[in-house]
Amino acid sequence: MNAPSPTVPALGDSEAVVSIGASPDPSLTPLLESLAELADDLSVPRNLRRGAQAAKQELTRARVALDVRVASAVAVLDELAGDPNLPTHGRTAIWSIMSALESLQ
């Protein structure tokens, strides 16, 4: 008997962030950790933590080219960096992440 194969989600399915058994690009791992750290930082306003989480999700989208994922994440982070409510350490972290992402393109 053959084992049942996992179902493949539709292209627009927002639940399908990373396919089963897939690991994120190793070059993105430290950036994803930095974004997770920013998303968990309680000294950062909630809307900015959500934005950091959104940037992380953009980077982990399945079946999307790396350059498109990076550009999407940079766009989200660029919008966050301009927020006047962002504390200085959060802005520095965002600029650092954006710099690292732009070097991947």
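The values are calculated or read from the model by the stated rules, or taken from the named source; none is laboratory data. Keep in mind that what you see is a predicted model, and the values were worked out from it rather than measured. Because the Cβ atoms are built from the backbone with ideal geometry, glycine has one as well, and the counts that use them run over all protein chains shown.
A few comments on the model shown:
- Test: residue in the stretch 49-63 that is loosely packed, with under 15 Cβ neighbours inside 10 Å, of a type in the set (D, E, K, R) and farther than 16 Å from S27 by Cβ: yes
- If the condition is being over 13 Å from I97 (Cα atoms) and either free of Cβ contacts under 8 Å to residues at least 40 places away in the same chain or not small (G, A, S) (or both), then the stretch 54-71 contributes A54, Q57, E58, T60, R61, R63, V64, A65, L66, D67, V68, R69.
- The listed residue being buried (at least 17 other Cβ atoms within 10 Å of the Cβ) and modelled with pLDDT of 90 or more, out of L77, L28: L77
- Restricted to the stretch 30-69, and to residues there that are under 24 Å from L86 (Cβ atoms) and of a type in the set (V, I, T), the residue that is farthest from the chain's Cα centre (by Cα) is V44.
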